[in-house]
Amino acid sequence: MPPTDSGLGSSSDDTLDLQLPPEFSALFAEGHGLPGSPDVPASGPLLDNLAGWGAAGTPAGPFELVPVRPDRDLALISGWMNDPAVAAFWELAGPPETTAAHLHGQLDGDGRSVPCLGVLAGVPMSYWEIYRADLDPLARYYPARPQDTGIHLLIGGAGDRGRGLGGMLLRATADLVLDHRPQCARVLAEPDLRNTASVAAFLNAGFRYGDEIELPGKRAALMVRDRALRDLL
């Protein structure tokens, strides 16, 4: 499917006024998860050690979220960002430095947003951002609940789009979140309303249409996958 856009929560500057819960502030004060180590965001408490979630089974093979390492992954992700179909929604076309700045805005933060490669049957083929929606600027625009978890997605190669992979991988990723984040009651996304293929993929993945919300730079569909409904949709 065509990618969803990057939405909110990708810049550390946007999140400075959103405070961590006291229990997590105490962890950082004790030296756990201090920014600066490249593996901290993915192994920290805000997303329940995303780096250790492992793979989900899908009809197309095992699928795993692998936290991004810019030294290894920047060229691949930057190439995807310069695909016109991706750039229309992510707006990160340009030299590798443009993508690097976007990634480091998350990797140099406290772990509330983690950029990942989506690896399907051993092949990196998509880019994901898994983020704490309740700690994100998005929380200003909808009735946020504690531990709400958000998803941003793009399918990298044109050959992987338009054949149902998007919905399948969104379902697998939402299941990974719900399986490994027991306090999270719902998974959210906010694709641009103009991106009808993306909205359709979320519906096919068991998300429901929650609301239409006005965000800076776009009008979005708030898509929700509820833990209580995961076996029904």
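The values are calculated or read from the model by the stated rules, or taken from the named source; none is laboratory data. Keep in mind that what you see is a predicted model, and the values were worked out from it rather than measured. So basically every Cβ, Gly included, is an ideal-geometry build from the backbone, and we count neighbours across all protein chains shown. Protein only, heavy atoms only, side chains kept; ligands, DNA and RNA dropped before computing areas. Shrake-Rupley method; radii C 1.70, N 1.55, O 1.52, S 1.80 Å.
Placing a label point 7 Å from the Cα of Arg163 along the Cα-to-Cβ direction, the residues of the stretch 52-73 whose backbone N falls under 13 Å of that point are 60-61.
Remark: the stretch 112-233 carries 37 Å² of accessible area per residue (probe radius 1.4 Å; ligands, DNA and RNA excluded).
Which peptide among 69-75, 163-169 comes first, and what is the full order, when sorted by highest mean count of other Cβ atoms within 10 Å?
On the way: 69-75: 13.9, 163-169: 19.1.
The densest-packed peptide leads the list: 163-169, 69-75.
In debye, nearest 20, what is the charge dipole magnitude of the stretch 35-193 about its Cα centre with +1 on Lys and Arg Cβ and -1 on Asp and Glu Cβ, if you could check? Show your work: numbers first, answer last.
Values: 11 positive and 19 negative charges, 70 e Å.
Computed about the Cα centre, the dipole is about 340 debye.
The residues Tyr142, Tyr209, sorted by heavy-atom accessible surface at 1.4 Å with ligands and nucleic acids left out, run Tyr209, Tyr142 from largest to smallest.
Rounded to a whole number, what % of the accessible area of the stretch 141-233 do carbon and sulfur atoms account for, probe 1.4 Å?
On the way: 2040 of 3860 Å².
Roughly 53 percent of what the probe reaches on the stretch 141-233 is carbon or sulfur.
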